[in-house]
Amino acid sequence: MKTINLPFIPKLKNNLKSTPQFIQVILGPRQVGKTTTILHYLKNEFNENEYLYVSAEKNLVSNSNWILEHWQAARLEKRLLVIDEIQKVEDWAEIIKKLWDEEKRRTNPIRCILLGSSSLKIQKGLTESLAGRFQLIPVFHWNFNESKESYKLKFEEFLKFGGYPGGYPLISEQSDWINYVKHSIVEAVIDKDILSVHTVKSPALFKQAFELLISYPAQEISLTKLLGQLQDKGNTDLIKYYLTLYDGAFLIKTLEKYSTKPLKRKSSSPKILPLCPAFYFLTIQSELTQEDRGRTFELIVGAQLVRLEGELFYWREKDYEVDFIFKKGKSLYAIEVKSGRKKSTKGLNIFLDKFPKAIPIIITPENYQKFEEDPLKFLDSL
């Protein structure tokens, strides 16, 4: 995999320098370059004797003793300790908490970076054991600019194959690309990050649900309809559970309908947002129709908005909708995505009538790159 200076590196460098009293937690999807990038950063910023990198991925027995062994080695030589795939270590959060609290009482404490790819499992450890002791640095699927910079991907190629850089060299042989994404990404995440640590009554049904979910890119769909298509005798709580697990594994994002009333948000039908275009193309494996292209373009705009600190929703009233509602502090943005499909802006106008302080934004293929380069600056410049 080629190396790119993914956005988390500048933030990591700044945090290590300005707030060394916190553990740095780098969290994101599998196979997007976290390990490659962190190793490149370590080799370029430090001498070999200044850091210790270890990974629980390749260790057959990863437990508290394994962490303690490497922690003591780093402490002995006053090195930066980097632990990759931390979620694979049993009871990792408790032992890290104990060691870190001891470390802060020392004159020259070590610094620590943790990397992980299983959001639900790590988030539980962070909130229950390490509260107040860490800074979270999120990593995302590759966007178009990152893909173009390192792999010269064209925009049309990104709309089909975008998200996982490991698959980019395979796009000339579509069957190889499909096998890579299906087996090395999707099945690996489902089996290793979800089913191995969460109870799912029917793994086959769970996997079928993912195929169904990614076939609705950037679309609102009722939980009852999803359940009916799965032909399961359960209830909508089952679908909610599935959505939570896939959301926690960085495969999809579910958006609630915007409302000033929290209960209405929670009871709304979700909008399904696969977090990279590769997932949707996996379901069709053919040339994109104009409708497919429009949905995929809306998907990549949504994936870029997910990167921002703030709250992301959609809005619908009867037949009128706004693709995305982004709330950051007191600012409210109503974002309509236009890709060439015939699409009325009446929903946007109705939303603005109801929320006159909202800022209207229209994103098209022509201004998308400008939006992607600096989304907040783009939103505030219109």
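The values are calculated or read from the model by the stated rules, or taken from the named source; none is laboratory data. Owing to the predicted nature of the structure, the values given are computational and were not obtained by experimental measurement. Positions of Cβ are generated from backbone atoms using ideal geometry, with glycine treated the same way; all protein chains shown enter the neighbour counts. Remember, those area values only see protein heavy atoms, side chains included, never the ligands or the DNA or RNA. Shrake-Rupley method; radii C 1.70, N 1.55, O 1.52, S 1.80 Å.
For the range 356-382, which residues satisfy the criterion of being more than 22 Å from the chain's Cα centre (by Cα), assigned to a loop (DSSP other than H, G, I, E, B) and loosely packed, with under 14 Cβ neighbours inside 10 Å? Show your work before the answer.
If we filter the range 356-382 for residues that are more than 22 Å from the chain's Cα centre (by Cα), which is where we start, we get 356-362, 364-367, 380-382.
Retained after the next criterion (residues that are assigned to a loop (DSSP other than H, G, I, E, B)): 356-358, 364-367, 382.
Selection gives Pro356, Lys357, Glu366, Leu382.
Give the range 140-167 a look and list any residue that's under 13 Å from Ala303 (Cβ atoms), open to solvent by 10 Å² or more (accessible area, probe 1.4 Å) and not in a helix (DSSP H, G or I), or say none.
Phe140, His141, Asn143, listed by residue number.
Quick one: would you say Lys192 is of a type in the set (D, E, K, R) and not in a helix (DSSP H, G or I)?
no
Out of (1) open to solvent by 50 Å² or more (accessible area, probe 1.4 Å); (2) at pLDDT 90 or above; (3) part of a loop (DSSP other than H, G, I, E, B), what's the single condition that is false for Thr283?
(3)
Taking only the range 73-93 into account, find how many residues are crowded, with 16+ Cβ neighbours inside 10 Å and either under 14 Å from Leu52 (Cα atoms) or not basic (Lys, Arg) (or both).
Our first condition is that a residue be crowded, with 16+ Cβ neighbours inside 10 Å; within the range 73-93, this holds for 74-75, 79-89, 92-93.
So of that shortlist, the ones also either under 14 Å from Leu52 (Cα atoms) or not basic (Lys, Arg) (or both) come out as 74-75, 79-87, 89, 92-93.
Residues meeting the conditions: 14.
Being farther than 26 Å from Ile252 by Cα and among the aliphatic types (A, V, I, L, M): is that true of Ile110 here?
On the way: farther than 26 Å from Ile252 by Cα: yes; among the aliphatic types (A, V, I, L, M): yes.
For Ile110, the condition - farther than 26 Å from Ile252 by Cα and among the aliphatic types (A, V, I, L, M) - is met.
Tell me whether the range 323-345 contains one or more residues that are open to solvent by 40 Å² or more (accessible area, probe 1.4 Å) and of a type in the set (Asp, Glu).
No, there is no match, as no residue in the range 323-345 is open to solvent by 40 Å² or more (accessible area, probe 1.4 Å) and of a type in the set (Asp, Glu).
Considering only the range 241-300, state which residues are of a type in the set (Gly, Ala, Ser) and more than 18 Å from the chain's Cα centre (by Cα).
At the first step, the residues of the range 241-300 found to be of a type in the set (Gly, Ala, Ser) are 248-249, 259, 267-269, 278, 286, 294.
Scanning the range 241-300 gives Ser259, Ser267, Ser268, Ser269, Ser286, Gly294.
Just give me the residues in the range 243-267 being over 27 Å from Leu27 (Cβ atoms) and open to solvent by less than 60 Å² (accessible area, probe 1.4 Å), in sequence order.
If the condition is that a residue be over 27 Å from Leu27 (Cβ atoms) and open to solvent by less than 60 Å² (accessible area, probe 1.4 Å), then Ser259 is the only one that fits.
Return yes or no: is Asp237 under 25 Å from Val301 (Cβ atoms), assigned to a helix (DSSP H, G or I) and open to solvent by 20 Å² or more (accessible area, probe 1.4 Å)?
no
For the range 94-125, how many residues meet the condition of being at pLDDT 90 or above, open to solvent by less than 10 Å² (accessible area, probe 1.4 Å) and assigned to a helix (DSSP H, G or I)?
Here the count works out to 4.
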